[in-house]
Structure formats: C-alpha cells, structure tokens
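Notes for the one structure printed next.
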Amino acid sequence: MLNLPEFEFSHLGIYVTDMDKVRDFYTGLLGFRVTDAGGHPNGQRLTFLSRDPKDHHQIVLVSGRKPATPSTVNQITFRVASLKAVRAMHDLAVANGVAGIDPISHGNAWSVYFMDPEGNRIEFFCDTPWYVAQPRRERLDFSLSDEEIEAATYRSIKDDPSTRPFAEWRTEKRREFGR
C-alpha cells in the first residue's frame, strides 16, 4: 500500500474559449462567486470561482481553448444532500434551457447531468441508501415522486447480488482503508 498523506478533492481547472460566457454560467446558474481574476504572464486569463469561503477556488477557468475543440473534462461533480436537491438542479437546468440534461439512476446514486456553455459535463448527485456494483445507468424519471423513484430504484437493483445497504459497504471500505 502507498504511504500517502490524507487528501480530498480540491478544485478543477477548465480551459475555455469564451471566459465571460462560462463565468456567467457558473456564477448565474450554479451560484459560484468570483474570488479572483487576472492575467497570467503567458497571456491567458484566469478566473477563480468558489461556493465555499474556506476555498479560494473550487473551479479555475483558464482562457486558451481553441474554438470548436472538444472538452477534455469528463465531468465536474457536485454532491448534494438529497433527491429533492437533485430534482431542484434538474428543474433549474430545464428552466434555464441548459443543454444535455440527462437524469440518471446509478442504483447507488441519483444524478442529473448537463452541459456548461462549452460542453463540459456537470453532474449533481446524491447517494441512494444502497450500494450496487457499477457501472449502472438507468433513466431517472422526475415525473415520479421521490418515494416512487426510491421504490423504482430498489426494484431495479434488488436482484443484483452486489446490492446491500450503503452503510454496510462504507463500513467494509473503512476497514479496508484502515480508517
């Protein structure tokens, strides 16, 4: 086993072609605040964004991406506390005409994915009560109530032999990780 110090996700950097448009998306739709901005000696513009005052930045936008080039970001993921919060992000994305809205149940998480203005995929998710082996992807139907979604999710995973309470899975992982 590696002898690594403890660490957690800190921030993500994204190359952008239109700094102002992408900044406005993250500040306007997702509530980030600009904590710093400026130019780099190499000519790039940088904009630092955060939603947490303890973090100088959680996202840094960097100019220099060539127009019409694909994003190199797989996804930017944010954890929320509940299915209600995932639903709220879904509804907010729909109301704002955001591209690529994709609500998904992974069995162990409920997610909504969508794109920022330059095609970087964003995910908002919350855990379900269960662990089930991944990858797993089923359409999440927000026309159902939260209770109906929970019941439908359980029905879809209950016969998978890997299914068990998430708390049990986390306890096992803590033991494996020595924590």
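The values are calculated or read from the model by the stated rules, or taken from the named source; none is laboratory data. On a predicted model such as this, the values are computed, not experimentally measured, just so you know. In this analysis, Cβ positions are derived from the backbone assuming ideal geometry, glycine residues included, and neighbour counts consider all displayed protein chains.
The table below gives the values:
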{"item": "Verdict on residue 93 being crowded, with 20+ Cβ neighbours inside 10 Å, among the small types (Gly, Ala, Ser) and part of a helix (DSSP H, G or I)", "result": "yes"}
{"item": "Filter pass, residue 85 being in contact (Cβ under 8 Å) with a residue 60 or more places away in the chain, of a type in the set (Gly, Ala, Ser), in contact with a strand residue (DSSP E or B) (Cβ under 9 Å, 6 or more places away or on another chain) and not assigned by TED's automatic domain parsing to the domain that holds residue 27", "result": "no"}
{"item": "Residue 119, sole failed condition from (1) within 15 Å of the chain's Cα centre (by Cα); (2) in the same structural domain as residue 161 (by TED's automatic domain parsing); (3) within 16 Å of residue 26 (Cβ to Cβ); (4) without any contact (Cβ under 8 Å) to a residue 24 or more places away in the chain", "result": "(4)"}
{"item": "Near pairs, Cβ below 9 angstrom, 6+ apart or cross-chain, from segment 1-25 (on the phi > 0 side of the Ramachandran plot) to any residue that is polar (S, T, N, Q) and modelled with pLDDT of 75 or more", "result": "none"}
{"item": "Residue within segment 114-132 that is β-branched (Val, Ile, Thr) and assigned to a helix (DSSP H, G or I) present", "result": "no"}
{"item": "Any hit, segment 24-43, residues being modelled with pLDDT of 90 or more, assigned to a helix (DSSP H, G or I), surrounded by 18 or more Cβ atoms within 10 Å (Cβ to Cβ) and not aromatic (Phe, Trp, Tyr)", "result": "no"}
{"item": "Selection within segment 102-119 - farther than 15 Å from residue 137 by Cα and surrounded by fewer than 20 Cβ atoms within 10 Å (Cβ to Cβ)", "result": "115, 117, 119"}
